[in-house]
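The structure appears right after this line, and notes come after that.
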Amino acid sequence: MNHPATHPVMDPRLAPTFPKAALPVLRNTQLRKNVEHATDVIQTKRNRLVAEKADWQELRTAASALRAHVLENLATYLEQFEERCTAAGGTVHWASDAAEARAIILDILRQEQASEVIKIKTMTSAEIQLNPFLEANGVSAFETDLAEIILQLGGEEPSHIVVPALHVNRSQVREIFARRMGLKNLSDDPKELTNAARTYLRQKFLAIPTAISGANFLIAETGSVAVVESEGNGRMCLTLPRTMITLAGIEKVLPRFQDLEVMLQLLARSATGERMNPYTSLWTGVTAGDGPQSFHVVLLDNERSSILAKAKQRQTLKCIRCAACMNACPVYRQTGGHAYGSVYPGPIGAILTPQLMQMKFAQSLPYASSLCGACYEVCPVKINIPDVLLELRAQVVNQERGRAARYFDPMYVGLRVANLLFAKAWLFHVAQRLGRIGLGLYTRKDGWIHSLPGIGAKWTQTRDLRGLPDESFHEWWAKRGSQPGKEGK
Amino acid sequence: MKAPLQSRQQIPRQRILERIRAATLDCAQDPAMREEAYAALPRAYTRHGQLSAEARLKLMIERLREYDAEVVETTPEALPDAIAAQLAASDKHSFLAPPGTPSEWMVTAAWKISGLEWTIDHGLATAEIEQSEGVVTAASCGIADSGTIVLHHSASEGRRVLSLLPDWHLIILRASQVVETLPEYFARFQQPSGLVTWISGPSATADIEMTRIKGVHGPRFLNVILVRDKS
Ligand code: SF4
């Protein structure tokens, strides 16, 4: 059951709880090594570049305030974006949920009579599970980001939002490419592997006339869309096809072109530890003679408006998907992304996924954190993730209040009993004495308990417990009390 | 086909906007208030650079070289020769140029090095662009802090596809176009162009074990000639 090769479930509706899903990963040393290496490399580069930026905190403050302002005035900025984008020759569509977004995209593809489509990495399309839907409807979707190709050809699932294949190492990539591209003599040199991907995709870029992208930013003032990337596959998809479809969450909008001066300085440094990513593209509707002559934007709500309505949770939508929080997270760094059972892993996933699921699924995720605050510290838009985690935990507990099963939950029973014992001193003393006798049976000579029966085993499976001392503080104090007291009273 | 898709769209559009409005009762009540709130946003980050003109150019060159871009400096008078030298050293034979390429770059005999083939883009087909090995374009701005070159895709910078498919991209950047910080770029271009490409080094990936590999889909070689004009 807990075999390392278990295929991770990435649909929060079907995924096991976080502690269950984490087990196979924790036993997979290769995967853990890959995750640790990748997050270490990015973290080190990020920290160096952030340290050289004297105005880093001022940039964060500006970005945080700007994103909060956008969310407060979201309807206006979206309408502005729609108006300007339309005036520039684009078509704007609105989708309340994943199903609507998929239907709109399929409709456009049918109009274009497209049986194939090239894609720029977009987590939003993974959120709405677009690829399997297109496949089922006779449209082959080709991912073009190197990491996404590795995942797509290897039948793997994304485990990070910026470097989604960070859990796959070079020899695994070699195996996938050799098998799927029919290249028997491929070596595991990253350069050669990258070249293989370049050749594999070149023809697709030139031949397939329809593309799908995500968006990093939508500019209300101009109706423009901005996409941030490294490889140039984005530029290919944005430039060569006849028809372009951009899928964007409604929260992606910025008021003005100039606001990019804040966001672009933060994004690349936080995401990949670069002063600037190799390519950022911005386009506005349709430009005669340059690039796609038919352009669609699909604005996706999918529960975002519900998140917007909740005061403490709203900040979740400030996110610019830089992944700094997962690279910094001591939990993510151990488990990698698959344990989160969602395309959004790490601290941001722990708050975003259950909210996207209306708190009906993924309730274990708000607990997948030690609340150490590392995520908050690195977040370029200052999302107080620990605060939101606590808020969501409170909601999960509230949900459980009504359920009869909780009366049989050992945790519940334990805390109820503790409640009683701590309320009365004499009861507490009796419990102490009984506990000492009971636990005495399991305490070894060294004063430690190495294994307990029943639910106590949950503790001793992974750590030892100190035995109770022979004498409690109260007993010691009472004895000492026979001597005259020394305090002033 | 188009009409039903559009009208069907009206329903979710209204529903989403209504939901957003209901969720943001704290929003600005009128455009003036919103403008005011926007204007009051904190912007205490560095806008203007501190470097001297000379140090700014030095930083620009240093950053470009960190990205493995090749950089040479020249004067306006020597530019045609500098271009010719780059072409000769490129080991490529077929080149493209945008229609708005300044004539003073073109007239010189230096461009007509024997064996080099030139095509000016007057609406070339993608396949023709794909056949070419190199491209020479102007640029709109250089940002020293991050070693970024900005294309606005004007007639001298070329269509987007022109600087994308050929493997070798030579950019002519004038010293007067170089600013120090990203905010200085935005201050200079208040009226944005509809198309912008910010280029910071040749295309790259670190998707396999975080090993940086230069050149995935965009040009694998980025060369820059920095022209010391009078600013
Ligand atoms: S929550 Fe913050 S740190 Fe995490 S991905 Fe979003 S913006 Fe980046």
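The values are calculated or read from the model by the stated rules, or taken from the named source; none is laboratory data. Source: prediction; values computed, not measured. Heads up, the Cβs are rebuilt from the backbone with ideal geometry, glycines too, and the neighbour counts pull from every protein chain shown. Just the protein is used for accessible areas: all its heavy atoms, side chains included, with ligands, DNA and RNA removed. Shrake-Rupley method; radii C 1.70, N 1.55, O 1.52, S 1.80 Å.
Can you give the Rg to Rh ratio of the range B:53-227, both from alpha-carbon atoms, with Rh computed by the Kirkwood formula? Reported Rg/Rh, Kirkwood definition of Rh: 0.95. So what's the back-of-envelope 222 nm ellipticity for the protein assembly as shown, counting only DSSP H runs of four-plus at -39500 (n - 2.57) apiece and dividing by all residues, rounded to 500? Value at 222 nm, helices only, nearest 500: -13000 deg cm²/dmol. Coordinate range of the alpha-carbon atoms in the range A:91-181 per principal axis, descending: 42, 25, 20 Å.
Go through A:Lys20/A:Lys45; A:Lys424/A:Lys458; A:Lys312/A:Lys360; A:Lys33/A:Lys318 and tell me which ones have a Cα-Cα distance over 24 Å in this structure.
A:Lys20/A:Lys45; A:Lys424/A:Lys458; A:Lys33/A:Lys318
Each listed q (0.10 Å⁻¹) maps to a log10 I(q)/I(0) for the range A:18-306 from the Debye sum over equal C-alpha point scatterers, namely -0.58. A DSSP coil position with no more than 14 other Cβ atoms inside 10 Å describes the following trypsin sites (Lys or Arg not before Pro) in the range A:151-257: A:Lys184, A:Arg242. Think of each Lys and Arg Cβ as +1 and each Asp and Glu Cβ as -1; about the Cα centre, that makes the dipole of the range B:53-227 roughly 240 debye.
A 1.4 Å probe run over the protein assembly as shown, with the rest of the protein chains in place, finds 43 Å² accessible per residue. Need one word for the range A:1-127: rounded, prolate or oblate. Basis is the Cα gyration tensor (sqrt eigenvalues a ≥ b ≥ c); a/c below 1.5 gives rounded, then a/b vs b/c decides. Here the range A:1-127 falls in the oblate category. No disulfide-compatible partner, judged by a Cβ distance under 4.7 Å, exists for the following cysteines of the protein assembly as shown: A:Cys85, A:Cys237, A:Cys319, A:Cys322, A:Cys329, A:Cys372, A:Cys379, B:Cys27, B:Cys141.
So what is log10(I(q)/I(0)) for the range B:157-227 at q = 0.21, 0.26 1/Å, when the Debye sum runs over its Cα atoms only? Listed by q, the Debye log ratios stand at -1.08, -1.23.
Helix A:18-27 against the longest principal axis of chain A: what's the angle in degrees, Cα atoms only, rounded to the nearest 10? Long axis of A:18-27 versus the principal axis of chain A: about 80 degrees.
Between the Cα long axis of helix A:346-356 and the first principal axis of chain A there is an angle of about 80°, rounded to the nearest 10. Given R0 = 35 Å, the distance between the Cβ atoms of A:Ile437 and A:Ser370 translates into a calculated FRET efficiency of 0.50.
Partner shielding of B:215-225 amounts to 5, given as the average count of beta-carbon atoms from other chains within 10 Å of each residue beta-carbon. A dipole drawn for chain A from +1 and -1 charges on Cβ atoms has a positive end, and of A:Leu434, A:Ala65, A:Gly90 the residue lying farthest that way is A:Leu434. Annotation: aspartates and glutamates with alpha-carbon distance below 19 angstrom to A:Lys184 (same-chain offsets under eight excluded): A:Glu175, A:Glu192. Under the convention that each Lys and Arg Cβ holds +1 and each Asp and Glu Cβ holds -1, the size of the dipole of the protein assembly as shown around its Cα centre is about 3140 debye. With contacts taken as Cα pairs under 8 Å and at least 6 residues apart, the range A:407-486 reaches a relative contact order of 20 percent.
For the range A:308-379, the alpha carbon convex hull comes to 85 Å³ per residue, rounded to a whole number.
When both the range A:254-268 and the range A:117-182 are represented by their alpha-carbon centers, they are found 29 Å apart.
Taking only Cα atoms, what is the 0 to 90° angle, nearest 10, from helix B:79-90's long axis to the longest principal axis of chain B? Rounded to the nearest ten degrees, it is 90. In summary, the aspartates and glutamates within cross-link reach of A:Lys204, defined as a Cα separation below 12 angstrom excluding same-chain residues under 8 places away, comprise A:Glu116, A:Glu143. In plain terms, if you count all Cα to Cα distances in chain A and split them into 10 Å steps from zero, the share in each step is 4, 17, 26, 23, 13, 8, 5, 3, 1, 0 percent.
Peptide B:186-196 has a mean of 6 when you count, residue by residue, the C-beta atoms of other protein chains within 10 Å of its C-beta. Given R₀ = 45 Å, FRET efficiency for A:Lys458-A:Glu175 by Cβ-Cβ distance, to 0.05? For A:Lys458 and A:Glu175, the calculated efficiency is 0.70. Our compactness index for the range A:407-486, the C-alpha radius of gyration over the empirical 2.2 N^0.38 Å, is 1.33.
Positive-end ranking of A:Met181, A:Val388, A:Tyr376 along the dipole of the protein assembly as shown, with charges on Cβ about the Cα centre, is headed by A:Val388. Using R0 = 41 Å, the C-beta based FRET efficiency linking A:Lys204 and B:Glu77 works out to 0.35.
The lysines whose alpha-carbon is closer than 19 Å to the alpha-carbon of A:Lys191, local same-chain residues fewer than 8 away aside, are B:Lys214.
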